[in-house]
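Below is one structure, written out as structure tokens; comments come after it.
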Amino acid sequence: MRLPHLSRRSTLCTLVGTLAALFAFGAPSQARRSEPERRRRNVILVLIDGLRWQEVFGGADERLMDKESGGVGNPAALKQRYVRPTAEARRATLMPFLWGTLAKQGQVFGNREKGSAARVTNTMHFSYPGYNEMIVGYPDPRIDSNDKRPNPNVSVFEWLHKKPEFAGKVAAFGAWDVVPYIVNRERCGFYVNGGFEPVTVGKVSPEQALLNRLKAEMTQPWAGEPYDAITFHSALEYLKANRPRAMWLTFGETDEWAHERSYEHYLDAARQTDAHLETLWKTLQSHPQYRDRTTLVICVDHGRGRTGKDWTSHSAKIPGADEIWMAALGPDIAALGERTNLETVTQSQIAATVAASVGENYRASIPQAGVVLPGVFRK
């Protein structure tokens, strides 16, 4: 999944086609929130592994739609699906929820062409160091590989879980099976699900039981990682059944397909991830615990190369691999849309922003963490 990268099989297996129709909260309650206090809020942090800012802000890159650069067998068909006359039209085609809802009601950072740079502060520019920086709030030079080693650092989610109001109400779902090590499952105290692990705790719905069966029976497309749809719906079912107040959800397919130099699958994965975000947001808005009380924060763990040769890769040796993007949507997020002409923001600011969205001051306890993203909250 990450660097160092191992060879992957690129053949998609057929999944049960009814997954998308299995999941609903039921009829939404008419109860509305009474007090707009952040301490009563919820927060979900979503990580989209290795999705470049270039596609997020500019849409599909026609220069990568060939056999040599993008492994594309039918460029004409791919261009018909994703290429549009302007960057704004291309990006809205690729990620309609991000640009049709989130950007209008929240904020998006990282368009370097409009003076809004976002970057990682770790020097590695691959996954475990980026995952750590995101949820801990600072880089750690000891984390210099993607090995399955328990993270010595306490994440913002573990920090929240230690507070009485969040005890038993925190969870993490990772497509990548290294996620349980990144949050240090043996120490953190909250529920963590990674890779192909079944969900066997809390309320296990019939839909969750089916997902558990699929995890056990499906051909594994990558070592330790299912398709994102499996991870997403498993996390969504857990959320509906167990109602956590803070959750970390990680997607992985964009990184996997990029490493395989499959630009078509990379774009399709980005489009599907956007659809998952829309489903998540609509699900949250359908339930009184989450409706108008939940902040959604989105970030990536690293960037990728800028050129046709290097777009598949990321490391300290690849120019552009430190360049990322991020976004936020929620009841306290100022509706500033696409941020422009802004000071550089960093991945290390995500942890403090996650905590602040539920009324907590992370840097008061972890002063080395980055500060809350500038102007992200309403005054």
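The numbers here are math on the coordinates, done by the rules we state, and not lab data. Remember, predicted model here, so these are calculated numbers, not experimental data. Positions of Cβ are generated from backbone atoms using ideal geometry, with glycine treated the same way; all protein chains shown enter the neighbour counts.
Quick notes on this one:
- Radius of gyration (Cα atoms) of segment 254-318, expressed as a multiple of 2.2 N^0.38 Å: 1.48.
- Three principal axis lengths of the chain [C-alpha, angstrom, descending]: 55, 48, 44
- Within the chain, DSSP assigns beta bridges of which about 30% are antiparallel (rounded to the nearest 5).
- For residue 173, the residues whose amide H sits under 5 Å from its own are 193, 248, 249, 250, ignoring neighbours fewer than 5 places away on the same chain, with H placed 1.01 Å from N.
- Cα-derived Rg over Rh, computed across segment 104-263 with Rh taken as Kirkwood radius: 0.98
- Mean separation of Cα contacts under 8 Å (6+ apart) over length of segment 61-211, as relative contact order %: 11
- Normalising the average separation of contacting C-alpha pairs (under 8 angstrom, six or more residues apart) by the number of residues puts the relative contact order of segment 199-325 at 16 percent.
- Compactness ratio for segment 311-379: Cα radius of gyration over 2.2 N^0.38 Å (N = residue count) comes to 1.28.
- Surrounding net charge for residue 115, when Lys and Arg each add one and Asp and Glu each subtract one, Cβ distance under 15 Å: 0
- By the helix-only formula, in which each DSSP H run with n ≥ 4 contributes -39500 (n - 2.57) and the sum is divided by residues, the chain has a 222 nm mean residue ellipticity of -8500 deg cm²/dmol.
- Look at the alpha carbon pairs under 8 Å that are at least 6 residues apart: their mean separation over the length of the chain gives a relative contact order of 31 percent.
- Cubic angstrom per residue, convex hull over Cα atoms of segment 137-227: 107
- Distance histogram for segment 59-99 (every C-alpha pair counted, 5 angstrom bins, percent rounded to whole numbers): 6, 27, 29, 20, 13, 5, 0
- Cross-link pairs 104/215; 169/317; 203/379; 163/282; 79/215 - those with Cα-Cα distance over 32 Å: 104/215; 169/317; 203/379; 79/215
- Within segment 177-299, all pairs of alpha-carbon atoms sorted by distance into 5 Å bins from zero give the percentages 2, 10, 19, 22, 22, 16, 7, 2, 0.
- Compactness of segment 220-379 as Cα Rg over 2.2 N^0.38 Å, two decimals: 1.13
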